[in-house]
Amino acid sequence: MDKILRYLFIAFMSVFALHMSAQKVVTFDASVDKGTCTTENPGEDEVSKEGVTIAVSNGCMNLAEHYRCYAGADFTITSTESNILKVEITCTAKGQSKNGPGGFADPTAGTYEYEANGQGGTWIGNDASFSMSASKQVRITKVVVTLGDAPKAPVFSIPEGVYFEPQSVALTAEEGTFIIYTLNGEDPDYTDDSNYTGIKYDGTPLIISETTTIAAIAVDAKGTASNIVSATYTVVTIQGGVTFDASADKGTHTSSDPGEDQVAKEGVSVTVSNGCMNLTNQYRCYAGADFTVSSTGTKIVKVEITCTANGDEQYGPGCLSDPTTGTYTFETDGKTGTWIGNADSFSLSATRQVRITKVVVSLSDTPVEPSFSMEQGMYFGLQKVTMSSGTGNFIIYTVNGDTPTYTDDSNFTGIKYDGTELAITETTTIKAIAVNSKGKSSSVATATYSIVNTEGHGTVESPFTVADALVVLNALSDVGVSTNYYTKGYVIGDITVSEDGRASFQISDKADDPTGMMNVYLAKGLEEGVYTEGDMKAGDEVVICSMMMYFGTSPELYPGYIYSINGKTSKTTGIQTITAEKLKNMAVYNLQGIRVDNPQKGLYIINGKKVVVK
């Protein structure tokens, strides 16, 4: 019996050791694992341990509690042992707030997602190294790197995209692995042969006859799964089209008065942002202009553009590029360019002048998504919203979070829209689909209206109170407030001033009550100039013009400036005159608050005062 137990124990430990060897976790703690650069000498910096290196191309990794990756810099993780499977990043702030994980984007490999209302971001992949770009400064407290020897993800035999007939898609993976896939939107998963999510692929190509997303993993002999890979195949049926003949269908502009011009017919429009569409036998889209095709009823799936010249020649189809959605190709020895996609509108950019004789627009049997009469966003008080969906379509919508669906008139999820205004009195998300006469549904259109009820409206005439600003910030806590608003309050406590003349302090609705405060961080002075010590004091009433966001859990007004102090919007010190010779060893700033080393003649800020340099 003891021998059996011993063998079982050895077997268990072997399996455990095998599992442990398959994955390894390396954790970087910014308060312990440090680089060399500080805020005084930022630059390229890195930290390495256990075969893993994390690096910033511009920042500092030798601070007390966090790493900083500055805006425009790259954040790179490299492993010399085994591939990186997952990286979990913890930041000092939430989502897209200043310093939050939403500041990272565009990974060179794998995928990256972040918590909209949390401090974490997660990269998933299977690579020895990858980088992400920082669109704004990111501050990181911890990085957890998971290493392992997972198989490579499966490969699809044809690329995802739009197709006009059923497609045969084969899946392949590394030798010694098998594939689990799904077609229903679920993520494939594998624990063992009795516990997995999806279908075991038998090698037979999948026939895709309608729009389908295939998600797949490869699993090796140890039961280790690859990352999930997915591809969406949009299979559309062309139900008709609209042809624009430049000799018959005309706009308004000629070569003598070019400008924005458009031709529209049968619910489809063709537009040039600068050109002329009222010539004898051609449309002209000038260099630098956009060529746009839009439909109000059904999706555009194919557009064929015939030009007066071939390929990359002057006036040819090769002069159009960079579609906003879909793909665009052209005949190198022919006069036709073809766009393929699935959209209600798209644009192409003209690198040189293009001259077009004909545009053939092919439409699918799928209606375009409904449109809303108001853009989503934050509004004050009651709002009224209407929806439209193009000729011959009707709308199904929800306001309770459910996704609208339509099978037939007896089987649908949501409410049939009757064309009347929807009264929005509280924060509401509207989800809507358009349905055509054949019962075909569009994709879901979504709009969220954040309704706030405040004393002020955030304008200079009616600024927010601090309580108002907190209501607004909480309503949009996921993304922060990217619009400048005016907020009034009383200065509480100490005021600190940065070297470049910006003030940081706190404000509250009552001069003698610090509850419900907001932080004001690095605000410029009056008239967006330099703030100097003594400009204001605790108890003064100020109006701040700024954006607002959460820094960690603290509400903050940033970036912005002090619009007024006790009702005054400018300093009354007058303007002095000084010669350039007297400026040695003096701190001189321009009117935007930027320090100037060698000022020429003009108006500057010195010691918080406007000075004319002669």
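Listed values, structure above:
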quantity: All aspartates and glutamates inside 12 Å of LYS136 as judged from Cα atoms, apart from same-chain residues fewer than 8 positions distant; calculated: ASP74
quantity: The chain - share of DSSP beta bridges that are antiparallel (%, nearest 5); calculated: 90 percent
quantity: Listed peptides 378-391, 198-211 by packing density, highest first (mean Cβ within 10 Å); calculated: 378-391, 198-211
quantity: Protection proxy ranking, peptides 87-95, 354-362, 286-294, 594-602, average beta carbon neighbours within 10 Å, highest first; calculated: 87-95, 354-362, 286-294, 594-602
quantity: Positive dipole terminus of the chain, leading residue within ALA445, PRO317, VAL542 (C-beta point charges); calculated: VAL542
quantity: Cβ-Cβ FRET estimate between ASP187 and SER570, R0 fixed at 41 Å, reported to 0.05; calculated: 0.10
quantity: C-alpha center-to-center spacing [the range 110-156, the range 313-330] in angstrom; calculated: 34 Å
quantity: Dipole of the chain, positive end: most advanced residue of GLN383, LEU526, GLN23 [Cβ charges, Cα centre]; calculated: LEU526
quantity: Only Lys, Arg (+1) and Asp, Glu (-1) charged, at Cβ; the chain dipole about Cα centre in debye; calculated: 1420 debye
quantity: Principal axis dimensions, largest first and in whole angstrom, of the range 349-410 by Cα; calculated: 49, 38, 19
quantity: Diffusion constant of the range 39-157 at 37 °C, which comes from Stokes-Einstein with the Kirkwood Cα-pair radius and 0.692 mPa s, µm²/s; calculated: 229 µm²/s
quantity: Dipole of the chain [Lys/Arg +1, Asp/Glu -1 at C-beta], most positive-end residue of LEU171, GLN600, SER230; calculated: GLN600
quantity: Cα-based Rg of the range 455-519 normalised by 2.2 N^0.38 Å, two decimals; calculated: 1.18
quantity: Interatomic Cα distance distribution for the chain, bins of 20 angstrom, percent; calculated: 14, 35, 39, 11, 1, 0
quantity: The range 334-436 - charge dipole about Cα centre, Lys and Arg +1 at Cβ, Asp and Glu -1, debye rounded to 20; calculated: 800 debye
quantity: For ASP365, residues with placed amide H under 5 Å, excluding near neighbours; calculated: THR237, GLN239
quantity: 19 Å Cα-Cα reach of LYS571 towards aspartates and glutamates, excluding residues that sit fewer than 8 places from it in its own chain; calculated: ASP500, GLU527, GLU528, GLU533, ASP535, ASP540, GLU541
quantity: Listed peptides 483-496, 402-415 by packing density, highest first (mean Cβ within 10 Å); calculated: 483-496, 402-415
quantity: Cys with no candidate disulfide partner in the chain (beta-carbon separation under 4.7 Å rule); calculated: CYS69, CYS91, CYS276, CYS285, CYS307, CYS319, CYS545
quantity: Accessible surface of the chain [probe 1.4 Å, protein heavy atoms]: carbon and sulfur percent; calculated: 48 percent
quantity: Of LYS142/LYS524; LYS34/LYS94; LYS152/LYS302; LYS49/LYS98; LYS431/LYS524, pairs whose Cα-Cα distance is over 30 Å; calculated: LYS142/LYS524; LYS152/LYS302; LYS431/LYS524
quantity: Cα-based convex hull volume of the range 132-180 per residue, rounded to whole Å³; calculated: 159 Å³
quantity: Stokes-Einstein D in µm²/s, Kirkwood radius over Cα pairs - the range 146-217 at 37 °C with 0.692 mPa s viscosity; calculated: 246 µm²/s
quantity: Convex hull volume of the range 381-459 per residue (C-alpha atoms, cubic angstrom); calculated: 100 Å³
quantity: Förster radius 60 Å - calculated FRET efficiency between THR515 and ILE158, Cβ distance, rounded to 0.05; calculated: 0.45
quantity: Karplus-derived HN-Hα couplings along the range 383-397 (A = 6.51, B = -1.76, C = 1.60, θ = phi - 60°), whole Hz, x at Gly and Pro; calculated: 10, 10, 10, 10, 10, 9, 9, x, 5, x, 10, 10, 10, 10, 9
quantity: Heavy-atom surface of the range 443-534, accessible at 1.4 Å and reported per residue (Å²); calculated: 46 Å²
quantity: Normalised alpha carbon radius of gyration of the range 415-469 [divisor 2.2 N^0.38 Å]; calculated: 1.74
quantity: Surface per residue (accessible, 1.4 Å probe) for the range 274-355, Å²; calculated: 39 Å²
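The values are calculated or read from the model by the stated rules, or taken from the named source; none is laboratory data. Note that the coordinates shown come from a computational prediction; the quantities given were computed from them, not determined experimentally. Using ideal geometry, Cβ is built from the backbone for each residue, glycine included, and neighbour counts are taken over all protein chains shown. Note: areas computed on protein heavy atoms with side chains; ligands, DNA, RNA excluded. Shrake-Rupley method; radii C 1.70, N 1.55, O 1.52, S 1.80 Å.
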